[in-house]
Each structure stands twice: as C-alpha cells, then as structure tokens.
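Remarks on the structure that follows.
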Amino acid sequence: MLNKRTTEVYALGQHISMSAHKARRVIDQIRGRSYEETLMILELMPYRACYPIFKLVYSAAANASFNMGSNEANLVISKAEVNEGTIVKRLKPRARGRSFAIQKPTCHITIVMKDISLDEYMDTDSITWSQKPKWKKKHTTMSYYDMYSNGGTWDKK
C-alpha cells in the first residue's frame, strides 16, 4: 500500500510593509527555480522587496533541513505567492490645519519549497507492524436504512 509523504515545506511572512505589486515583480522571477539559484538572483536584484523574500527563502530552506532532513541542493521553489494585507492608514499634516490620508499597504508572502530527491509516495507493505502508523482509516460498510419499515416518527399518534 502506498501512503503519500509530505515533501513540501513552507515559510510565511505576514504584514510586510510594501505593496503586493512590487513584491510580485520579484516573486515572478524566482518561481520554479532551485534554492541556490534563487539566492544568487535575490542578492543581485536592485529591488527593496528582495530582502524580505530572501529571508523567507532562507527560512523555508532551514525548515526543510530541520523537519525533513533534506539537502539544500535538492530544494526547488514549487509555489510562491503574494497576497495583499491590511492597509495601514496615517494622517499627514498639511497647511491651514488640514490633513491628508496616507495609505501604507502591506502584503503576505508565502514560499513553498519541494525536495525533488524524496519520493512522494512511501511503500507501507515493507514496514513491520511496529512501524505502521496508528492513524489508519476504519473500514465501515454502508447498510441500507429504511425509515418506513420500523414505524418512523410519522406513524405515531
């Protein structure tokens, strides 16, 4: 029997103070690339959004090496997305006692990395009984239930 093994890890950065549009410009360049190539690209790009994305990619690789014991050379960015966060609203004082509203956008960045060396499915037939997972599904059979045969609620007076 084959069980699905988790080969993906992620890092999530929330409330990063930059526009989602500016972060997407950088994320589109690194999606689908290897870990080492991504670090080189992010170090050489001249955008301000590169630093928080660099920290998230580094954090996702640390999660992969700690949780799954995978090598950094085998990691690939399988999914990278940027969502809009809350907008922080501030007031800027202007002439004659007036004020203008300043909107500071935030974004949420998610980096998902996949280890290409691990097999996605694990064979559980070769595992001994002491190693089998205890969360196996219970097999239930469906039986036909006829509500009219046993004098349901409508037959009572």
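The values are calculated or read from the model by the stated rules, or taken from the named source; none is laboratory data. What you see is a predicted model, and the numbers here were worked out from it, not measured in a lab. So basically every Cβ, Gly included, is an ideal-geometry build from the backbone, and we count neighbours across all protein chains shown. Areas reflect the complete protein model, heavy atoms only, side chains present, ligands, DNA and RNA absent. Shrake-Rupley method; radii C 1.70, N 1.55, O 1.52, S 1.80 Å.
Figures for the structure shown
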| read-out | value |
| --- | --- |
| Residue count for segment 39-76, restricted to those that are farther than 21 Å from Ser19 by Cα and of a type in the set (Ser, Thr, Tyr) | 4 |
| Residue count, segment 59-114 (criterion: among the polar types (S, T, N, Q), open to solvent by 40 Å² or more (accessible area, probe 1.4 Å) and within 26 Å of Arg48 (Cβ to Cβ)) | 6 |
| Cβ pairs under 8 Å, 6+ apart, first in segment 91-105 and of a type in the set (D, E, K, R), second surrounded by 10 or more Cβ atoms within 10 Å (Cβ to Cβ) and assigned to a loop (DSSP other than H, G, I, E, B) | Lys104/Ser17 |
| Positions within segment 45-72 being in contact with a helix residue (DSSP H, G or I) (Cβ under 9 Å, 6 or more places away or on another chain) and over 21 Å from Leu118 (Cβ atoms), in sequence order | Met45, Tyr47, Arg48, Ala49, Cys50, Tyr51, Pro52, Ile53, Phe54 |
| Some residue of segment 85-98 being under 17 Å from the mean Cα position of the chain (by Cα), closer than 30 Å to Leu118 by Cβ and either at pLDDT 95 or above or not polar (S, T, N, Q) (or both) | no |
| Residue within segment 5-22 that is among the aromatic types (Phe, Trp, Tyr), touching a residue at least 40 places away in the same chain (Cβ under 8 Å), closer than 17 Å to Val112 by Cα and not in a loop (DSSP other than H, G, I, E, B) present | yes |
| The lone exception for Arg31 - which of (1) more than 18 Å from the chain's Cα centre (by Cα); (2) modelled with pLDDT under 95; (3) not small (Gly, Ala, Ser) it fails | (1) |
